[in-house]
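The values are calculated or read from the model by the stated rules, or taken from the named source; none is laboratory data. What you see is a predicted model, and the numbers here were worked out from it, not measured in a lab. Here the Cβ is made from the backbone with ideal geometry for all residues, glycine too, and neighbour counts use every protein chain on show. Keep in mind that these areas ignore ligands, DNA and RNA; they rest on the heavy atoms of the full protein, side chains included. Shrake-Rupley method; radii C 1.70, N 1.55, O 1.52, S 1.80 Å.
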Amino acid sequence: MDTASLAPEATTETHTVRGACPHDCPDTCALVTTVKDGVAVKLQGNPDHKHTAGVLCTKVSRYIERNDHAGRIVQPMKRVGAKGSGQFEPVSWDAALDDIARRLGELAASDAESILPYSYAGTMGLVQGESMDRRFFHKLGASLLDRTICSTAGGEAFGYTLGGKVGMRVEFFSEAKLILIWGSNSIASNLHFWRHAQAAKRAGARLVCIDPRKTETADKCDEHVALLPGTDAALALSLMHELIVNDWLDHDYIDRHTVGWPQLRERAMQWPPSRAAAVCGVPEAQIVELARAYGTTQPAAIRLNYGMQRVRGGGNAARAVACLPALTGAWRHRAGGVLLSSSGLYPVDRAALQRPDLLAGRQPRTINMSTVGDALLDQARPVRAVVVYNSNPVAVAPESGKVVAGFARKDLFTVVMEQFQTDTADYADYLLPATTQLEHWDIHFSYGHTDVLLNTPALAPRGQARSNAWVFRELARRMGFDEPCFADDDEALCAQAFAPEAVDYAALREQGFATLRLPDAPFAEGGFPTPSGKCEFFSQRLADQGQDGLPDHVPNYEAAGTSADYPLAMISPPARNFLNSSFVNVTSLRAIEGEPLLEIHADDANARGIESGQVVRVFNGRGEHRCRAEVSRRARPGVVHGLGIWWRKLGLDGTNVNQLTSQRLTDIGRGPTFYDCLVQVEALPQPEAAAGA
Ligand SMILES: Nc1nc2c(c(=O)[nH]1)N[C@H]1C(S)=C(S)[C@@H](COP(=O)(O)OP(=O)(O)OC[C@H]3O[C@@H](n4cnc5c(=O)[nH]c(N)nc54)[C@H](O)[C@@H]3O)O[C@H]1N2
Ligand SMILES: Nc1nc2c(c(=O)[nH]1)N[C@H]1C(S)=C(S)[C@@H](COP(=O)(O)OP(=O)(O)OC[C@H]3O[C@@H](n4cnc5c(=O)[nH]c(N)nc54)[C@H](O)[C@@H]3O)O[C@H]1N2
Ligand code: SF4
Ligand SMILES: [Mo]
């Protein structure tokens with residue numbers, strides 16, 4: 001970017017700049033930043049953007065506090081202390097980049113696959129998240145990263161069943177008469193969807209929340225089905241059972257637009273509500289009633305989210321839920337069907353942005369980001385250098401004990417590009433200062449709505465911060481990569497993200513957002529983007545891989561009630577005022593969350609002599625984590641909630657919930673199983689602050 005033109009000038013002029021929220025959230029809000037004398041003085045939701053409607057969540061309404069935070073990394077730094085100590089000294093950009101290019105070049109000369117990029121959705125922007133970085137690593141021939149840590153189980157499950165991450169348009173939920181909010185705490189993590197759910201409720205719709213935790217969303221719904229973690233497929237199959245025995249089916253839709261109905265019918269008939277009730281740990285009558293509501297109400301809409309797929313059978317569960325709207329013909333209505341993610345509706349030109357052709361026929365190995373702990377400890381084909389950006393794996397990846405041991409390896413060369421000194425940054429050899437969304441260009445799709453947003457920089461970069469794309473351009477230059485694509489600047493990359501016929505870039509610059517042209521009811525007449533063009537109850541593609549072609553209930557690896565040593569199932573869903581591990585260092589938001597908490601039901605607490613506010617030890621065979629117990633009506637018996645994702649170093653004992661989670665993967669999509677985790681909890685002797693000293 002042209003920083004000169006943005007440098008603070010001696011002017012009192014105030015202007016506004018349009019942007020996009022970069023965070024990993026389905027809402028992808030449109031932002032308006034007010035800038036005075038080169039300083040951001042106000043940041044608001046864009047009232048002209050219908051999905052944002054001028055409203056931001058609490059977190060991002062504090063984005064200026066985050067941006068101006070005293071903890072921003074403002075210059076390149078080189079490690080001086082032991083790995084993990086977080087001790088650095090400043091170094092110039094030239095010195096840092098020259099040395100990094102030299103080290104990566106040496107490794108690439110002998111074994112390029114010993115280099116691993118590690119990135120996720122710290123920013124969802126296509127430019128700072130998946131453009132120049134990918135070009136660089138493709139040209140280098142580095143190991144490929146399988147980006148599975150969030151959504152691949154459900155995403156691939158939808159691919160097999162419906163043909164992609166496609167579904168209802170979020171705005172039409174407001175017209176539904178029944179909404180199942182399934183595995184999602186919308187008020188915390190999908191606020192702008194919740195507005196539509198409320199509108200529907202005001203118009204007489206019934207809202208049902210299906211979630212082990214009695215979340216703030218469950219509080220506001222008409223009904224809460226508090227099933228055990230990892231039992232959603234059993235519930236969905238017994239709903240099908242009831243649709244079948246009561247003939248609440250749309251036979252015409254099934255005949256014309258589905259594949260595998262006789263087989264699915266047979267499978268579902270094995271799941272009477274009594275069986276599902278026992279597996280799910282909910283009353284049989286509640287399942288029967290839910291099926292009646294779903295079978296007899298139109299339009300009926302399902303907002304599925306990713307909470308229900310972070311278990312062993314997460315892919316099968318998402319598949320089972322994805323079958324439901326075809327059985328009742330809910331897709332015929334624009335306010336009927338299911339929405340997990342809308343990201344598959346965007347014609348992003350990823351080949352242009354990422355340039356996989358730069359691999360030039362090489363096929364590097366692929367490393368699963370969800371098992372980065374094992375990957376870094378693997379001695380057979382060692383990773384010798386890792387470049388981390390847009391992610392904080394030491395905090396967010398499962399089985400932290402191994403992740404930390406991997407990053408602590410003395411022979412691992414680690415570069416971390418960050419805005420803040422996160423837990424991962426503490427392990428860097430080089431820590432490079434990254435720009436924020438107010439300081440760089442980007443272009444955004446959404447996984448909740450269907451607009452494209454452009455983010456124009458509002459401020460000059462703080463200190464010596466530089467965008468991710470700038471860093472990879474500079475490394476490419478130093479390594480002699482001379483393809484013209486390595487010269488594209490950040491705004492040019494924005495313009496390459498979509499073909500002109502899909503998105504008019506000039507209009508986007510003008511307005512800040514553009515809406516994709518899509519049908520209101522995408523599958524009213526079938527036309528699913530599967531190989532058969534139908535909703536695939538039975539998936540030949542799965543069967544060809546030796547998998548079950550039909551959805552089934554796949555029990556958790558660590559199912560509730562199967563271990564005497566670790567009798568409690570722990571889930572670790574997001575804390576409302578953090579976004580994954582982002583914002584944990586923002587003082588005003590951390591003040592709201594307080595300390596790392598474990599919500600526990602009174603029965604489980606009493607049995608262990610635990611009182612609210614007491615520090616407890618949560619442990620299993622993988623590790624232990626200390627946090628504060630909260631005896632809570634939000635917990636059901638047998639399930640505890642360790643709200644995430646705290647920075648380890650801001651916790652009570654330098655760990656977070658991921659000390660306890662495992663690296664085992666989901667049935668479909670190679671995803672993590674964060675919510676498939678058994679633990680025991682015990683009270684710790686309390687410090688005698690009051691009585692003693
Ligand atoms: N405030 C806030 N917003 C966020 C995030 C955040 O960290 N904080 N994270 C963002 C990210 S990365 C994502 S991927 C999205 C989506 O994030 P999701 O993972 O969908 O997060 P939640 O909306 O909290 O929904 C998860 C819900 O699923 C429940 N759950 C856990 N296990 C099960 C289960 O086995 N079955 C069912 N039915 N429910 C279960 C949890 O109790 C929780 O209420 O949200 C994004 N939005
Ligand atoms: N126990 C448990 N663990 C979980 C989950 C859970 O529910 N429970 N959720 C999982 C899910 S859904 C996800 S998506 C992952 C998320 O894990 P991550 O993708 O690692 O997300 P964040 O924790 O938000 O970390 C993103 C980092 O990127 C940095 N960043 C932001 N913008 C930029 C930029 O422009 N440039 C650079 N260089 N850095 C930037 C931020 O400062 C932040 O430190 O965590 C997973 N981990
Ligand atoms: S985190 Fe989500 S709700 Fe909050 S401003 Fe960003 S996109 Fe909107
Ligand atoms: Mo995520």
### Inter-part distance where segment 324-372 and segment 263-294 are each reduced to a Cα centre, Å
31 Å
### Task
Could you state how much accessible area Leu145 has, in square angstrom rounded to the nearest 10, with a 1.4 Å probe and all protein chains kept in place?
20 Å²
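Which of the peptides 205-217, 556-568 is most tightly packed, and how do the rest follow, judged by the mean count of other Cβ atoms within 10 Å per residue?
Working: 205-217: 23.2, 556-568: 17.1.
Per-residue Cβ counts within 10 Å, averaged per peptide and sorted highest first, yield 205-217, 556-568.
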### Message
Quick check: the angle from helix 284-296's long axis to the longest principal axis of the chain, C-alpha only, nearest 10 degrees?
### Response
80 degrees
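Of all accessible surface on segment 491-540 at a 1.4 Å probe, what whole percent is carbon and sulfur? Mind dumping the intermediate values first?
Numbers: 1310 of 2430 Å².
On segment 491-540, the fraction of accessible area on carbon and sulfur atoms equals 54 percent.
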### Task
Under 12 Å from the Cβ of Val91, count the other residues' Cβ atoms, weight Lys and Arg +1, Asp and Glu -1, and hand me the total.
-3
### Summary
The simple spin-label model distance between Met269 and Gln379, using points 7 Å out along Cα→Cβ, in nm, is 5.7 nm
#### Entry: Proximal charge balance of Ala559 [Cβ under 10 Å; K/R count +1, D/E count -1]
-1
#### Entry: Spin-label pair Arg617/Asp48, simplified geometry with 7 Å Cα→Cβ offset, distance in nm
6.0 nm
### Query
What's the extension gain from Asp349 to Arg202 if we count 0.36 nm per residue and subtract their Cα-Cα distance?
48.9 nm
### Message
Along the charge dipole of the chain, pointing to its positive end and built from +1/-1 on Cβ of Lys, Arg, Asp and Glu, which listed residue (Ala395, Asn620, His15) has its Cα farthest out?
### Response
Asn620
### Query
Where both partners of a DSSP beta bridge lie in the chain, what percent of those bridges are antiparallel, to the nearest 5?
50 percent
## Note on the structure
With the charge dipole of the chain built from beta-carbon charges (+1 for Lys and Arg, -1 for Asp and Glu) about the Cα centre, the Cα from Ala101, His440, Ala40 projecting farthest to the positive end belongs to Ala40
### Query
Suppose every K and R has +1 on its Cβ and every D and E has -1 on its Cβ; what is the size of the dipole of the chain about the Cα centre, in Debye to the nearest 20?
440 debye
### Query
Where Lys and Arg each count +1 and Asp and Glu each count -1, what net charge lies around Glu595 among other residues with Cβ under 14 Å from its Cβ?
+1
### Task
Under 1.5 on a/c is rounded, so check that first for segment 15-67, then, if it is not, pick prolate when a/b is larger than b/c and oblate when it is not; a ≥ b ≥ c are the square roots of the alpha carbon gyration tensor eigenvalues.
oblate
### Task
Keeping all protein chains in place, calculate the accessible area per residue for segment 568-683 (probe 1.4 angstrom), answer in Å².
32 Å²
### Summary
For the chain (alpha-carbon point model, no solvent) the Debye-based log₁₀ I(q)/I(0) at q = 0.05, 0.09 Å⁻¹ works out to -0.23, -0.78
#### Entry: Within segment 524-638: Cβ-based charge dipole about Cα centre, in debye rounded to nearest 20 (Lys, Arg +1; Asp, Glu -1)
400 debye
### Query
Mind checking the dipole of segment 167-302: about its Cα centre, +1 per Lys or Arg Cβ, -1 per Asp or Glu Cβ, Debye to the nearest 20?
300 debye
### Message
Over segment 153-340, with the other protein chains present, what is the accessible area per residue in square angstrom, probe 1.4 angstrom?
### Response
28 Å²
### Query
For segment 568-683, what size does the Cα cloud have along each of its three principal axes, sorted from largest down, in whole Å?
39, 37, 24
### Backbone N under 12 Å from the Glu106 label point (7 Å along Cα→Cβ), restricted to segment 413-435
413
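Suppose accessible area is computed on protein heavy atoms with a 1.4 Å probe; arrange Met269, Met168 from highest to lowest.
The most accessible residue leads, giving Met269, Met168.
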### Summary
Of every hundred units of 1.4 Å-probe accessible area on segment 153-340, the number belonging to carbon and sulfur atoms, as a percent, is 49 percent
### Task
Give me the accessible area of Glu593, 1.4 Å probe, in Å² rounded to the nearest 10.
40 Å²
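Which entries of Lys165/Lys402; Lys402/Lys649; Lys165/Lys220 show an alpha-carbon separation above 21 angstrom in the structure shown? If you can, show how the numbers build up before the last one.
Working: Lys165/Lys402 32 Å; Lys402/Lys649 17 Å; Lys165/Lys220 28 Å.
Flagged as over cut-off: Lys165/Lys402; Lys165/Lys220.
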### Message
In whole Å, what are the extents of segment 473-627 along the principal axes defined by its C-alpha atoms, from largest to smallest?
### Response
64, 48, 40
### Query
Given a 1.4 Å probe and every protein chain left where it sits, what share in percent of the accessible area of segment 568-683 is carbon and sulfur?
47 percent
### Query
Under the Cβ-under-4.7 Å rule, which cysteines of the chain stay unpaired?
Cys25, Cys57, Cys150, Cys280, Cys323, Cys485, Cys494, Cys535, Cys627, Cys677
### Message
Give me the one-decimal nm value for the distance between modelled label points at Arg541 and Asp68, 7 Å along each residue's Cα-to-Cβ direction.
### Response
4.9 nm
### Spatial separation of Cα centroids for segment 43-94 and segment 124-192, in angstrom
23 Å
### Query
Evaluated at 10 °C with a viscosity of 1.306 mPa s, what Stokes-Einstein diffusion coefficient in µm²/s does segment 153-340 have when Rh comes from the Kirkwood expression over alpha-carbon pairs?
99 µm²/s
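From the protein chains alone at 1.4 Å, what is the descending order of accessible area for Tyr294, Tyr427, largest first?
From most exposed to least exposed: Tyr427, Tyr294.
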### Task
Please identify which residues in segment 65-85 have an amide N closer than 20 Å to a label point set 7 Å out from the Cα of Val41, following the Cα→Cβ vector.
65-69
#### Entry: Helix 152-161 vs. the chain, principal-axis angle (Cα, 0 to 90°, nearest 10)
50 degrees
